[in-house]
1. Name the trypsin sites (Lys or Arg not before Pro) in the range 23-61 that are in a loop by DSSP and that have at most 16 other C-beta atoms within 10 Å, would you?
2. I want to check the label-to-label distance for Tyr27 and Val186. Put each point 7 Å from Cα in the C-beta direction and report it in nm to one decimal.
3. If the elastic network links every pair of Cα atoms under 10 Å, which of Ile23, Ile145, Ile74 fluctuates the most in the Gaussian network model of the chain?
4. Could you work out how much longer the chain between Val194 and Ala49 gets when fully extended? Use 0.36 nm per residue separation minus the Cα distance between them, nm to one decimal.
5. Any chance you could look up the accessible area of Tyr27 with a 1.4 Å probe, heavy atoms only, rounded to 10 Å²?
6. Run down the lysines and flag those whose C-alpha is under 25 Å from the C-alpha of Lys39, throwing out any fewer than 8 positions away in its chain.
7. Determine the share of the range 54-96's accessible area contributed by carbon and sulfur atoms, expressed in whole percent, with a 1.4 angstrom probe.
8. Please give, to one decimal in nm, the separation of the simple spin-label points placed at Trp201 and Ile164, each 7 Å out from Cα toward the Cβ.
Amino acid sequence: MKLHIPDGYLGPYTCIFFYIVMIPFWYKGIRWLKNLHPKQVPLLGVLTAFSFLVMMYNLPVPDGTTAHIVGGTIIAILIGPWAATVSISIVLLIQALFFGDGGITTYAANCFNMAVVLPFVGYYTYSFLRKKLSDVVAAGIGAYIGLVTAAIVAGFEFGLQPYIQQGYCPYTFWVSVPAMAFAHLVTAGPAAAVVTATVLWYVKKSQPELFKLGEPEALRG
């Protein structure tokens, strides 16, 4: 099961709830962009395009479905989690409007999962682990945990529907959560870890000043 939730899988109450939830995140994220260093602006554009590209590649899952990586953790690490919220939200809007990947009614729910849960979990996992491991390894683990967590949250959203409104996703937690978790634990999660670690390694090697700009103030040398 993919992270992009199409129209018709979540009921109107759930969709409205997530639009309300996302308003302060979008507002905070857009305001936060004013803090970007001039050198980070083109990097954000490149990483947004990178996220769009990797989300279009679906990886086969043994249970007969597909999964994909998102790229939110690498944006959060190199620029900041709030920047990732805006970046991934823009990508998801373009995909929903022009490619039919993810729904319009479910757009805010998809943003919550992939533009809030994923980058923030991935970023803070990385921030914690980098004190004990190398930055590259910590980034890979952060990306893995962030993506799997977002998938599990989406599974809970699917599983809530039979209890909230009949006629939408018919599967309860016992089906939806394991299905979402499995698909991302075994394929998309490892892929996200490898890609994120590789990108961070390359940026640290080729443009170390950009990596330093993305660090929290307290961690800068």
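1. Here the sparse-neighbourhood loop sites are Lys39.
2. Distance between the two pseudo-spin positions: 4.4 nm.
3. Sorting by GNM fluctuation, first place goes to Ile23.
4. Result for the pair: 50.4 nm of gain on full extension.
5. 140
6. Lys28, Lys204, Lys205, Lys212
7. 69
8. 4.1
The values are calculated or read from the model by the stated rules, or taken from the named source; none is laboratory data. The structure displayed is predicted, hence computed values, not measured ones. Methodologically, a virtual Cβ is constructed for each residue, glycine included, from the backbone with ideal geometry; neighbour enumeration extends over all protein chains shown. Side chains are part of the model used for accessible areas, which takes the heavy atoms of the whole protein and leaves out ligands, DNA and RNA. Shrake-Rupley method; radii C 1.70, N 1.55, O 1.52, S 1.80 Å.
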